[in-house]
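The values are calculated or read from the model by the stated rules, or taken from the named source; none is laboratory data. As the structure is a computational prediction, the values presented were derived from the model and not from experiment. With ideal geometry, Cβ positions are generated from the backbone for all residues, glycine too; neighbour counts draw on all protein chains shown. We work out accessible area using only protein heavy atoms, side chains counted, and drop any ligands, DNA or RNA first. Shrake-Rupley method; radii C 1.70, N 1.55, O 1.52, S 1.80 Å.
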Amino acid sequence: MSTQMTLAIVKPDCFAEGHAGEVVHAYESEGLRLIGAMVVSLNAEHAAAFYAEHAGKPFFGSLLEYMTSGPVLVLALEGDDAISKVRRINGATDPEEAEAGTLRDRFGKSITNNAVHASANGDDAKRELAFFFPELAR
Ligand code: CMP
């Protein structure tokens, strides 16, 4: 096991519905430490830059519309195998395929409105942490 940092986002509807505390609790109860947190309202330019790898995909427009529809809670987390751990806690991208009890099973509504985001791998974690928490980038 190795200590890693990763980034997670409580997406607009999940945040607006008051589930931020439950999301943080799900991560902390699996041994992850919160090392950064901020509430941000993304504009289209920020959202497009953050999700640049998805530019041109059919769902890109709806993804930007969703992610700019209200404030989000951005989290930096640290712990053993943090990247895969957070992805496991979140569940499959499509809430219909997410394992019972995962955050997307509990709070996700559709593949676009899927409640939470997490970095997919080490390179993404580095880039995404630098995007929101430049002071944590190493
Ligand atoms: P996220 O983990 O934030 O990464 C990219 C996002 O694009 C994803 O969650 C979904 O919110 C959204 N998305 C919408 N449609 C798709 C799709 N068909 N495949 C992957 N991601 C999708």
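For this structure, a couple of remarks:
- When we screen G31, G18 for residues that are away from the ligand (no atom under 16 Å from the Cβ) and under 17 Å from G108 (Cβ atoms), the only hit is G18.
- With respect to the conditions (1) within 23 Å of D123 (Cα to Cα); (2) touching a strand residue (DSSP E or B) at 6+ places or on another chain (Cβ under 8 Å), A48 falls short on a single one, namely (2).
- Residue in segment 22-30 that is surrounded by fewer than 12 Cβ atoms within 10 Å (Cβ to Cβ) and part of a helix (DSSP H, G or I) present: yes
- Within segment 34-64, the set of residues being away from the ligand (no atom under 14 Å from the Cβ) and in contact with a Leu (Cβ under 7 Å, 6 or more places away or on another chain) comprises L34, I35, G36, A37, V39, A44.
- Selected residue [more than 13 Å from the ligand (Cβ to nearest atom), within 16 Å of A8 (Cβ to Cβ) and not acidic (D, E)] from L103, L73: L73
- Residue check, N90 in contact with a strand residue (DSSP E or B) (Cβ under 6 Å, 6 or more places away or on another chain) and either more than 13 Å from the ligand (Cβ to nearest atom) or farther than 19 Å from R127 by Cα (or both): yes
- Residue count, segment 1-20 (criterion: open to solvent by 50 Å² or more (accessible area, probe 1.4 Å) and of a type in the set (G, A, S)): 3
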